[in-house]
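Q: Here it is, the structure in full.
The values are calculated or read from the model by the stated rules, or taken from the named source; none is laboratory data. Predicted, not measured: the structure shown is a model, and the values here were computed from it. Note that each Cβ is placed from the backbone with ideal geometry, even for glycine, and that neighbours are counted across all protein chains shown.
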Amino acid sequence: MAIAFSEPALTLPDHTQLPETDGTFVKNFQEHPQSLLLTDSIRPVLDVLHPDGQYAIGQDCGIYWRLTEPPERGAAAPDWFYVPNVPPLLNGKMRRSYVMWQEIVAPLIVIEFASGDGSEERDTTSPFAGDESKAGKFWVYEQAIRVPFYAIYEVAKASVEVYELVANQYQRCTPNERGHYPIPPMGVELGIWQGQYLNQDLPWLRWWDKDGNLLLNGDERAEREKQRADRLAARLRELGVDPDSL
């Protein structure tokens, strides 16, 4: 359903005029590390996709899709999302929120971390059928913002569901032979990885490349380089060369 605005575009509020929080706190101790892990490991891929640096990543930030009173009712706040081909700063200012009537470009992927039974993340309630104050997250991403890929991650179930927007409706994706969900525009796959990150051993949501290689976070990349350096130093010593003299 297309969104129509009756007021002239110049009268619409921008990201500096809209609330950046609704004053609630709903995060558990896993969600912040999970967002960091997603961002840290995908950043090298996005830097290649966008050599000009024109992309934005939001974490629990508001996406305003319609004007309401209070304004927060017209916003969704995904736990993680990526928008291609937009400046990381807006008019030289730090982004406070993402405003659809100001930006036009929709996020390519939105990820929600289900903290309950997942019903909120799968809510298809339309705000134009009955209670206009309520709009289900699923409906907002599918019909209002039109996000091409929507993922619902449930750490308690060690699972993730991915939906793709096809002919204006979400279709649930089927995992590949590795149990991962390809996101073709990014050249990556999304799936579950069991392991330890920031002292928590949990089933984390992670990225892989299209060949099934895990995308490493910064600490993992540093450890891999250290191991390579140690192996090279050991080989040089076998050849009678002191690596510290090079």
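Q: Please go through region 55-106 and give me each residue that is aromatic (Phe, Trp, Tyr) and either surrounded by fewer than 17 Cβ atoms within 10 Å (Cβ to Cβ) or more than 24 Å from Val45 (Cβ to Cβ) (or both), ordered by number.
A: Step one: of region 55-106, the residues aromatic (Phe, Trp, Tyr) are 55, 64-65, 80-82, 98, 101.
Scanning region 55-106 gives Tyr64, Trp65, Trp101.
Q: Could you check region 78-103 and list, in sequence order, the residues that are of a type in the set (Lys, Arg) and either at positive phi or part of a loop (DSSP other than H, G, I, E, B) (or both)? Break it down into steps so the answer makes sense when it comes.
A: Taking region 78-103 as the starting set, the residues that turn out to be of a type in the set (Lys, Arg) are 93, 95-96.
Result: Arg95, Arg96.
Q: May I ask you to verify whether Glu161 is of a type in the set (D, E, K, R), at pLDDT 95 or above, over 18 Å from Ala114 (Cα atoms) and part of a strand (DSSP E or B)? Steps first, answer last, please.
A: Details: of a type in the set (D, E, K, R): yes; at pLDDT 95 or above: yes; over 18 Å from Ala114 (Cα atoms): no; part of a strand (DSSP E or B): yes.
Spelling it out, it is not the case that Glu161 is of a type in the set (D, E, K, R), at pLDDT 95 or above, over 18 Å from Ala114 (Cα atoms) and part of a strand (DSSP E or B).
Q: Going through region 102-123 one residue at a time, which ones are of a type outside the set (A, V, I, L, M), under 21 Å from Leu36 (Cα atoms) and in contact (Cβ under 8 Å) with a residue 60 or more places away in the chain?
A: Within region 102-123, Phe113, Ser115 meet the criteria.
Q: Quick one: is Tyr170 farther than 16 Å from Leu37 by Cβ, of a type outside the set (Gly, Ala, Ser) and at pLDDT 95 or above? So that I can check it myself, show each step before the final result.
A: Details: farther than 16 Å from Leu37 by Cβ: yes; of a type outside the set (Gly, Ala, Ser): yes; at pLDDT 95 or above: yes.
Taking the combined requirement at face value, the residue satisfies it.
Q: Would you mind finding the one in Ala106, Ala56 that is in a loop (DSSP other than H, G, I, E, B), of a type in the set (Gly, Ala, Ser) and under 24 Å from Pro185 (Cα atoms)? Steps first, please.
A: Numbers: Ala56 fails: in a loop (DSSP other than H, G, I, E, B).
Answer to the selection: Ala106.
Q: Identify, from the list Ala222, Ala167, the residue that is out of contact with any Ser or Thr (no Cβ under 8 Å at 6 or more places or on another chain) and outside the structural domain of Gly118 (by TED's automatic domain parsing). Talk me through it step by step, then tell me what you get.
A: Working: Ala167 fails: outside the structural domain of Gly118 (by TED's automatic domain parsing).
Testing whether each residue is out of contact with any Ser or Thr (no Cβ under 8 Å at 6 or more places or on another chain) and outside the structural domain of Gly118 (by TED's automatic domain parsing) leaves just Ala222.
Q: Please list, ordered by first then second residue, the pairs with beta carbon atoms under 6 Å, 6 or more apart or interchain, first in region 135-157 and on the phi > 0 side of the Ramachandran plot, second among the hydrophobic types (A, V, I, L, M, F, W, C).
A: Arg146/Ala106
Q: Out of (1) in contact with a His (Cβ under 9 Å, 6 or more places away or on another chain); (2) over 16 Å from Ile145 (Cα atoms); (3) charged (D, E, K, R), what's the single condition that is false for Asp52?
A: Result: Asp52 fails condition (1) only.
Here's the yes/no breakdown for (1) charged (D, E, K, R); (2) in a strand (DSSP E or B):
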residue: Tyr141; (1), (2): no, no
residue: Val147; (1), (2): no, no
residue: Ala156; (1), (2): no, no
residue: Trp193; (1), (2): no, yes
residue: Trp207; (1), (2): no, yes
residue: Asp211; (1), (2): yes, no
residue: Leu216; (1), (2): no, no
residue: Glu225; (1), (2): yes, no
residue: Ala234; (1), (2): no, no
